[in-house]
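*Asks:* What follows is a single structure, and I will ask about it in a moment.
The values are calculated or read from the model by the stated rules, or taken from the named source; none is laboratory data. Note that the structure is predicted; figures quoted are calculated from it, not measured. Every residue, glycine among them, receives a Cβ derived from its backbone with ideal geometry; neighbour counts consider all protein chains shown.
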């Protein structure tokens, strides 16, 4: 196919409540979409970069700049030889910027699959028509507030609770949730690199709560540290920020640093690389699950297709639209019996609602061949 133009749309989508992690607190989902126009149709994708370089080195203004100045000019040059599968090799010379790469690759894959009436789920090799939904619970101002939220999410039917933790907000909230809701609750924690090698004894205290996993406890570049921690504690160590490619995933598994892997397509450069990480993990007997970046329906739809692949054996952060938004940018995803239905329509299987996009759009920029 031939890439004719790309529209970069910056949106500010209000959250229902503040979402706090160890590195930030946000009330607004500030996001960039890539809207690709090709000679075979149009495609949509959401860039996972935050407004600040806090989760990773990328941020949405920088993602727009590298798309505009480097990535799109190279893709325009491919003329009729462009496919979604050719994006990664074409842009391989660009170091990093995986979230920007994921956005353009996904928008082109959406257009490509729509043109052949093929769904993301079918293309990726999904084996499920719905996926179990977990929910991520941010750091709260009090234990009482935490319990209100956890009660609410369990009443809604979420099958797994993930608690964000940081030094000073770890043992007590985890203990309270475990004791209140009992040993059968699927419970895990996410540190977002908030700890160091000096905190191993503190993290070992969490072993008594029989957690599914502890996610990214220390710095993303300290793979050896994670391997040492995995040997020191009983709770399985899951890597998130560390895993940026299938090669890194393979190394982490061989080193013993990753007993479980969280796959976020935006973090690793797209769904094609995500599939490779899935395959590497399955071959090694390592469970995977699908993480999230507060995606609107555009990003959530594709994540659900990924989470329906056979190696995704743990509930992911693929929550219902109502978890984060009063009004989503697509038809909302709804929680039914603890599960979210995987879209089956062509491409990502959903379309943006124009009047809602207009309401939330901060800027729209066309870049043409």
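*Asks:* Pull up region 250-274, narrow it to residues that are in contact (Cβ under 8 Å) with a residue 60 or more places away in the chain and either over 12 Å from the mean Cα position of the chain (by Cα) or part of a loop (DSSP other than H, G, I, E, B) (or both), then point me to the one that is nearest to residue 121 (Cα to Cα).
*Replies:* Restricting to residues being in contact (Cβ under 8 Å) with a residue 60 or more places away in the chain and either over 12 Å from the mean Cα position of the chain (by Cα) or part of a loop (DSSP other than H, G, I, E, B) (or both), the top hit is 272.
*Asks:* Additional query: Restricting attention to region 102-132, report how many residues are closer than 30 Å to residue 3 by Cβ and part of a strand (DSSP E or B).
*Replies:* 1
*Asks:* Something else: Please go through region 279-295 and give me each residue that is in contact with a strand residue (DSSP E or B) (Cβ under 6 Å, 6 or more places away or on another chain) and either part of a helix (DSSP H, G or I) or crowded, with 24+ Cβ neighbours inside 10 Å (or both), ordered by number.
*Replies:* If the condition is that a residue be in contact with a strand residue (DSSP E or B) (Cβ under 6 Å, 6 or more places away or on another chain) and either part of a helix (DSSP H, G or I) or crowded, with 24+ Cβ neighbours inside 10 Å (or both), then 281, 288, 289, 290, 291, 295 are the ones that fit.
*Asks:* Still on this structure, I have one more. In region 24-45, is there at least one residue being out of contact with any helix residue (DSSP H, G or I) (no Cβ under 9 Å at 6 or more places or on another chain) and not in a strand (DSSP E or B)?
*Replies:* There is at least one residue in region 24-45 that is out of contact with any helix residue (DSSP H, G or I) (no Cβ under 9 Å at 6 or more places or on another chain) and not in a strand (DSSP E or B).
*Asks:* A follow-up question, please. Can you tell me which residue in region 1-32 is farthest from the chain's Cα centre (by Cα), limited to those that are farther than 27 Å from residue 215 by Cβ and surrounded by 18 or more Cβ atoms within 10 Å (Cβ to Cβ)?
*Replies:* Here the residue is 1.
*Asks:* Based on this model, can you work out whether residue 131 counts as under 30 Å from residue 108 (Cβ atoms), in the same structural domain as residue 177 (by TED's automatic domain parsing) and surrounded by 15 or more Cβ atoms within 10 Å (Cβ to Cβ)?
*Replies:* When the stated conditions are applied, residue 131 passes them.
*Asks:* Looking at (1) within 24 Å of residue 352 (Cα to Cα); (2) touching a strand residue (DSSP E or B) at 6+ places or on another chain (Cβ under 8 Å); (3) part of a helix (DSSP H, G or I), find the lone condition where residue 135 falls short.
*Replies:* (3)
Matching residues to (1) in contact with a strand residue (DSSP E or B) (Cβ under 8 Å, 6 or more places away or on another chain); (2) free of Cβ contacts under 8 Å to residues at least 12 places away in the same chain; (3) loosely packed, with under 15 Cβ neighbours inside 10 Å:
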{"site": "139", "(1), (2), (3)": "yes, no, no"}
{"site": "142", "(1), (2), (3)": "no, yes, yes"}
{"site": "171", "(1), (2), (3)": "no, no, no"}
{"site": "174", "(1), (2), (3)": "yes, no, no"}
{"site": "185", "(1), (2), (3)": "yes, no, no"}
{"site": "189", "(1), (2), (3)": "yes, no, no"}
{"site": "194", "(1), (2), (3)": "yes, no, no"}
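*Asks:* Okay, next question. When you scan region 205-225, do you find a residue that is closer than 24 Å to residue 311 by Cβ and assigned to a helix (DSSP H, G or I), even just one?
*Replies:* Checked against the condition, which is being closer than 24 Å to residue 311 by Cβ and assigned to a helix (DSSP H, G or I), region 205-225 yields at least one hit.
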